[in-house]
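Novice: Input: one structure, supplied below.
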Amino acid sequence: MLLKVDNIVVSYGEFQALHGISLEVEEGTITALLGSNGAGKTTTIKTISGQLIPKSGTLHFNGEDITHMPIHERVGKGIVQVPEGRKLFPYMSVEENLLAGSYLPGARKLRAQNLERCYEILPKLKERRKQLAGSLSGGEQQMCAIARGIMATPKLLVMDEPSLGLAPIIVENIFDTINKLKSEGMTILLVEQNVASSLTIADRAYVIETGENVMNGTGAELKSNEDLQKAYLGI
């Protein structure tokens, strides 16, 4: 088990956002964290990345307690986030954005190898490598953000709403890319509102509502779950 989140309680001041969230991510799999807007998905991954510290509960990564570990140390351990909204440097080129993802010493040693890997997985970025990131289409910007995450040599790649605001055909390409990364051995925690597409590729999924776990299972199990179909798939 690469990541184990055990009963975390997280608050913003007086407001309690998470009421004991638990989840596990097995190495080499895609795990989806699903829920509607405001369910607590972003708070959960901010806690995993170290932006928030839980009031109670624990987080273990690769068998090590990281509950109070600072962000930069978690990145050094291999927890890398592809943020919601891409957060690229718009006035830097595509390639400069990718190189910025390999700033830690361990990733810097593999910079050339990882850059080639990114261009192999996402050949459109190689065509655009000298272009300013801010001039890319929304889908290309999302691909650039994913590639920047790969440049950090992650053990766990956390993707926050990678399909947000993109056209259906682009969303399909994004999910195909995520599946391809998994086939190459990457471990992915996918945080999404797009329930149907996520369950299609997820090995395991967790559904949360108002900061609490409500169901979990394999992607196939949840996709056929009648309660989930009614609540999220409109069936």
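Novice: Roughly how many percent of the accessible protein surface of the chain is carbon and sulfur, given a 1.4 Å probe and a whole-percent answer?
Specialist: 50 percent
Novice: Quick one: check the C-alpha center-to-center distance for the stretch 7-72 versus the stretch 90-125, whole angstrom.
Specialist: Each part's Cα centre sits 28 Å from the other's.
Novice: Want the number for Asn37 to Glu212: 0.36 nm per residue separation, take away the alpha-carbon distance, what's left?
Specialist: That pair, Asn37 and Glu212, stretches by 61.6 nm at full extension.
Novice: Here's a follow-up. With a 1.4 Å probe and all protein chains kept in place, how much accessible area does Ser135 have, in Å² rounded to the nearest 10?
Specialist: Here the residue's solvent-accessible area equals roughly 70 Å².
Novice: Using 7 Å Cα-to-Cβ label points, what is the Glu14/Ser135 separation (nm, one decimal)?
Specialist: With each label placed 7 Å out from Cα toward Cβ, I get 5.1 nm.
Novice: So how much slack lies between Arg111 and Ser183, counting 0.36 nm per residue of separation and subtracting their Cα-Cα distance, in nm?
Specialist: Taking 0.36 nm per residue and subtracting the Cα distance, the gain is 23.8 nm.
Novice: Over the stretch 20-97, what is the relative contact order in percent, taking alpha-carbon pairs closer than 8 angstrom and at least six residues apart?
Specialist: Here the relative contact order equals 19 percent.
Novice: Given a Förster distance of 30 Å, report the FRET efficiency between Glu172 and Glu27 from their Cβ-Cβ distance, rounded to the nearest 0.05.
Specialist: Efficiency for this residue pair is about 0.70.
Novice: Take the alpha carbon gyration tensor of the stretch 36-169, find the square roots of its eigenvalues, order them as a ≥ b ≥ c, and report rounded if a/c is under 1.5; if not, report prolate when a/b exceeds b/c, else oblate.
Specialist: oblate
Novice: Projected area of the stretch 164-208, taken from the Cα convex hull and averaged over every viewing direction, in nm²?
Specialist: The directionally averaged projection comes out at 3.2 nm².
Novice: Can you tell me the relative contact order of the chain? Whole percent, Cα pairs under 8 Å, sequence separation 6 or more.
Specialist: Rounded, it is 27 percent for the chain.
Novice: Relative contact order of the stretch 105-229: what whole-number percent is it, with Cα pairs under 8 angstrom and at least 6 residues apart?
Specialist: 18 percent
Novice: OK, next. Hey, can you rank 95-103, 170-178, 213-221, 41-49 by average C-beta count inside 10 Å, highest first?
Specialist: Order by mean packing, descending: 41-49, 95-103, 170-178, 213-221.
Novice: Now a separate question. As a check on your grasp of the helix formula, calculate [θ] at 222 nm for the chain: sum -39500 (n - 2.57) over DSSP H runs of n ≥ 4, divide by the residue count, round to the nearest 500.
Specialist: It lands at -10000 deg cm²/dmol.
The values are calculated or read from the model by the stated rules, or taken from the named source; none is laboratory data. The model shown is predicted, which means the values in this text are computed figures rather than measured ones. Virtual Cβ from ideal backbone geometry, glycine too; neighbours counted across all protein chains shown. For the accessible areas, the whole protein counts, side chains as well, though only heavy atoms, and no ligand, DNA or RNA atoms are used. Shrake-Rupley method; radii C 1.70, N 1.55, O 1.52, S 1.80 Å.
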